[in-house]
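Notes for the one structure printed next.
A short reminder: the numbers here are calculations on the coordinates, not readings from a lab. Since we're looking at a predicted model, the values are computed, not measured.
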Amino acid sequence: MKIIFLDFDGVINSFGGDWQGGFEELDRKCIENLNILVERVSDIKIVISSTWRILRSLDKLKSIMAKWGFKYPELVIDKTPRLAGEERGREIFGWFTRNNKFPNPIIDNFIILDDDSDMEPFMNHLIQTDTDKGLTIEDVNKAVQFLNGE
């Protein structure tokens, strides 16, 4: 299995794209690019690492994504834990620990899609997006290459 740890702000919405800054609004072009990424990688699952996870259930997050054109909400399997005072990378590590999945041969590879860089100890798994553009096709190509071990 391969995992995408997914941020929302600056990844599937963008401050310079179609996103208008509305509550629970996403950028359709970025969502289209996420669809392309999912379609190009086999055995992929998504874990939400965005701060959007704090006040929304997993079902609500899936519903928002589907509303804006995400075709595969069933692939969204979980969200990272909130660890007060910790950076996002430590919360991702917390998800691995909580699920007894690190290290774990069930997970072949993972990436972090985020516009921030607070991903220690996993900086080498970060595909950092441009906040103004969100998830681009270039980001998708990098992610596919990384996840498929190319």
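Sorted from longest to shortest, the spans of the Cα atoms of the chain along the three principal axes equal 39, 36, 27 Å.
For the chain, the antiparallel share of DSSP beta bridges with both residues in that region comes to about 5%.
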